[in-house]
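Taking it in order: structure first as structure tokens, then the write-up.
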Amino acid sequence: MASGLFIGGRWLDHGTRVANINPSDTLDPLGDYNWGTVADVEAAVAAARAAQPGWAAVLPEARARLLRRVGDELLARADELGRLMAREQGKTVREGRGEVIRSGEIFHFFAGETVRNHGVFTPGLREGFTITVSQEPVGVIGVITPWNLPLSIPAWKIAPALAYGNTVVFKPSELTPDCAFVLTDMLERAGVPAGVFNLVMGNGRDLGPALIDGCDAITFTGSGPTGAAVVAATAGQMKKVQAELGGKSGLVIDKTCELDLAVEVAFQGAFHGTGQRCTASSRIIVLDAVRDAFLDKLLKRMADSRIGHALEEATEIGPVVDQRQLDKDLGYIDIARTEGGEVLGGGSVLERPHAGFYLAPCLIATTNNGARINQEEVFGPVASVLAAHDLDEAIAIANDVHYALSSGICTTDLIAAETFRSRSRAAMVTVNAPTAGLDFHVPFGGRAPSGYGPREQGIAAREFYCEYKSTYVNVSGHL
Ligand code: TXE
């Protein structure tokens, strides 16, 4: 497979070489890869700008065919690429396979969007006037992505960007270059014209400013502080921006819940993906009436979970992505203890036959929702538990956090479910389902500070990747 930078239709092999580490086994390096320079970003932006009018003029069906080919290949190679992702990022093979399939389906969805991007025709307000409202591409889109979903986040940004006639400069996470090479290689073989799609690798802090200066719009997913810096830089230049940032999702366990289902929802929501999801169910708010029974079962489920090498089929929870993230997770467990939290289970570093970043999923009982463990995103297999007397108090706790991404409730009471839905501040709500692992055909994203700018995914993606044009035609012969 090709690797390096992909600029103007050519693979370039220069720059600093950086090792790509397998978090399940640090003695199994995936290889070295290149970090580019600011000059590479400028060259990529220039190539994307030169190619954009031509790409926008390509017939929608031809754009659709290209995206469909990429989707087809992702689906056909789900097994192989799921393993690659497991090796590179540390998610389990099953999760990796699922993410590749999801990415293929996203490309198919946006292939369809190329021919569904209808405008509006309406009579004007004056005699003889008609108006058409059409949607045009924005131009060159800078795509900046994190490591936790190394194929599906790029897919849900790159596929709509290309579908609606934009060109792309893609800057993936430093930790997951191979997934980016795979996608670039597929786009190249699917026939993407030179300059329409470009890949630059490297340190975001160094390359980010040139990307923001050069592109017409930036779509970003990552941490809150970096997102805020990106938003501030784009605002100064009045550029379109979309930022998907952190979360601290509250999951309410209602007294009427179906207990086994609620335990599984909480377990998967908090710990699948090794808890490294912005939508992870990281605060579990349990009504007193079911607290003891729920916690007994959840702690047993955690103790029974299979934590290990991501490439082993039986593994349920893979390693944390790297040493830095592991240190951060352990640091938050210490902070929680200092602030009065009690570790009910997990939280220790695990020895495995391979040297990796293994952490036992951790549950921390807390009484103070203002504690840092309840207010700050950890981004690891670390969840807290809070108690509530009744639904009102549970909803108040769920909402008492500055993030507003997702939230959920486990209940069999229709009124409780609807009350929670209508009163939750979060942008996405689940009932009897984890707060993470959401669908791609409906809007995805949070209210500030979890998100900024138009939502992603589904047809909502048009809001970011297109600009409206209203055209007035006067056929009356007079004014
Ligand atoms: O994120 P960053 P990192 C959180 C999570 C994690 C922490 C750090 O808590 O522990 O962030 O992870 C690029 N201009 N999340 O360092 O820094 C960077 O190269 C432009 C939560 O990976 O936000 C990468 O491609 N770009 C989150 C991307 O931004 C810049 C998912 C994300 O990096 C840049 C990931 C700059 N100045 C991490 N600096 C979620 N909630 O989904 C960096 N980048």
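The values are calculated or read from the model by the stated rules, or taken from the named source; none is laboratory data. In this text the structure is predicted, and so the values were computed from the model without any measurement. A quick note on method: Cβ atoms are made from the backbone with ideal geometry, for glycine too, and the neighbour counts reach across all protein chains shown. Just so you know, the surface numbers come from the protein's heavy atoms only, side chains and all, with ligands and any DNA or RNA stripped out. Shrake-Rupley method; radii C 1.70, N 1.55, O 1.52, S 1.80 Å.
One table, with the values for the structure above:
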{"read-out": "Qualifying residue in region 300-315 (condition: among the β-branched types (Val, Ile, Thr) and either open to solvent by 50 Å² or more (accessible area, probe 1.4 Å) or in a helix (DSSP H, G or I) (or both))", "value": "no"}
{"read-out": "Residues (more than 16 Å from residue 397 (Cβ to Cβ) and in contact with a helix residue (DSSP H, G or I) (Cβ under 7 Å, 6 or more places away or on another chain)) located in region 358-376", "value": "359, 361, 362, 363"}
{"read-out": "Residue, farthest from the chain's Cα centre (by Cα), within region 190-216, restricted to residues that are over 30 Å from residue 108 (Cα atoms) and among the aliphatic types (A, V, I, L, M)", "value": "210"}
{"read-out": "Selection status of residue 50, at pLDDT 95 or above, in a helix (DSSP H, G or I) and open to solvent by less than 60 Å² (accessible area, probe 1.4 Å)", "value": "no"}
{"read-out": "Residues satisfying the stated conditions in region 53-73, i.e. buried (at least 17 other Cβ atoms within 10 Å of the Cβ) and touching a Pro at 6+ places or on another chain (Cβ under 7 Å)", "value": "55"}
{"read-out": "Those residues of region 354-370 which are within 13 Å of residue 282 (Cβ to Cβ) and assigned to a loop (DSSP other than H, G, I, E, B), in sequence order", "value": "361, 366, 369"}
{"read-out": "Breaking point among (1) acidic (Asp, Glu); (2) within 21 Å of the chain's Cα centre (by Cα); (3) farther than 21 Å from residue 424 by Cα, for residue 244", "value": "(3)"}
{"read-out": "Residues (in a loop (DSSP other than H, G, I, E, B) and of a type in the set (S, T, N, Q)) located in region 269-287", "value": "276, 279, 281, 282"}
{"read-out": "Of all residues making up region 114-128, the number that are in contact (Cβ under 8 Å) with a residue 24 or more places away in the chain and open to solvent by less than 90 Å² (accessible area, probe 1.4 Å)", "value": "5"}
{"read-out": "Within region 346-363, considering residues that are crowded, with 24+ Cβ neighbours inside 10 Å and under 20 Å from residue 266 (Cβ atoms), the one nearest to the ligand (Cβ to nearest atom)", "value": "359"}
{"read-out": "Selection count, region 32-42, where residues are of a type outside the set (Asp, Glu) and open to solvent by 30 Å² or more (accessible area, probe 1.4 Å)", "value": "4"}
